[in-house]
1. When the range 38-51 is examined, which residues are found to be under 23 Å from Ala79 (Cβ atoms) and free of Cβ contacts under 8 Å to residues at least 40 places away in the same chain?
2. Does Ala79 satisfy the condition of being assigned to a helix (DSSP H, G or I) and either open to solvent by less than 40 Å² (accessible area, probe 1.4 Å) or of a type in the set (Phe, Trp, Tyr) (or both)?
3. In this structure, is Ala59 farther than 22 Å from Leu39 by Cβ, of a type in the set (Gly, Ala, Ser) and without any contact (Cβ under 8 Å) to a residue 40 or more places away in the chain?
4. More than 30 Å from Gly38 (Cα to Cα), open to solvent by less than 60 Å² (accessible area, probe 1.4 Å) and acidic (Asp, Glu): is that true of Asp92 in this structure?
5. Among Leu35, Leu121, which is the only one that is open to solvent by 40 Å² or more (accessible area, probe 1.4 Å), modelled with pLDDT of 95 or more and outside any strand (DSSP E or B)?
6. Filter the range 58-70 down to the residues that are in a helix (DSSP H, G or I) and open to solvent by less than 30 Å² (accessible area, probe 1.4 Å) and list them by number.
7. Within the range 90-105, is even one residue under 16 Å from the mean Cα position of the chain (by Cα) and either modelled with pLDDT of 95 or more or of a type in the set (Val, Ile, Thr) (or both)?
8. Look through the range 106-118, keep the residues that are under 18 Å from Val47 (Cα atoms) and open to solvent by less than 40 Å² (accessible area, probe 1.4 Å), and return whichever of them is modelled with the lowest pLDDT.
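The values are calculated or read from the model by the stated rules, or taken from the named source; none is laboratory data. Remember, predicted model here, so these are calculated numbers, not experimental data. Here Cβ is always computed from backbone atoms with ideal geometry, including for glycine, and neighbour counts include all displayed protein chains. What goes into the accessible areas is simple: the full protein's heavy atoms, side chains included, and nothing from ligands, DNA or RNA. Shrake-Rupley method; radii C 1.70, N 1.55, O 1.52, S 1.80 Å.
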Amino acid sequence: MTSALRLPHASRPLRAAARNQRGISLLGLVFWIALGVGLVIVGARVVPTAMEYQAILKASKRAAQGDSLADVRRRFDTAASADYIESITGKDLDVTKTERGFDVSFAYEKQIPLAGPAWLLLKYAGSASGKAGGAP
């Protein structure tokens, strides 16, 4: 009678189903969510610095159209105040006079705190050339 109550084939579908299961475990899900949140947080801190770099590049292109060294720096400072540029000023620009006009170059670093003693260091550099007789 005990053999009639015992169902030897009943455990086989469970083992087969366990082998065929696909997906992510709860621990894996928590790991991927934490990784995603960390990337979003770092991205939220990096994107504003990249946008500021683009504004600095645009301001340096406008400044390169200046007539003199003082005019180049003044144009950059004016554009910087309008675009909320805080990383560099007109004094930080490397301005050289060429036969076509002025070449403006810059380089600066941005440090972003991550957690505890960990920091993210971003180095930005760029340049722009002015053309003699170009539109301001």
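1. Answer for the range 38-51, where residues must be under 23 Å from Ala79 (Cβ atoms) and free of Cβ contacts under 8 Å to residues at least 40 places away in the same chain: Val47, Pro48, Ala50, Met51.
2. Details: assigned to a helix (DSSP H, G or I): yes; either open to solvent by less than 40 Å² (accessible area, probe 1.4 Å) or of a type in the set (Phe, Trp, Tyr) (or both): yes.
Criteria met by Ala79.
3. Criteria met by Ala59.
4. No: the conditions fail for Asp92.
5. Values: Leu121 fails: outside any strand (DSSP E or B).
The unique qualifying residue is Leu35.
6. First pass over the range 58-70, keeping only residues in a helix (DSSP H, G or I): 58-63, 69-70.
Ala59, Ser60, Ala63 - these are the residues of the range 58-70 that are in a helix (DSSP H, G or I) and open to solvent by less than 30 Å² (accessible area, probe 1.4 Å).
7. So in the range 90-105, the residues under 16 Å from the mean Cα position of the chain (by Cα) come out as none.
The answer is no; no qualifying residue exists.
8. Ile112
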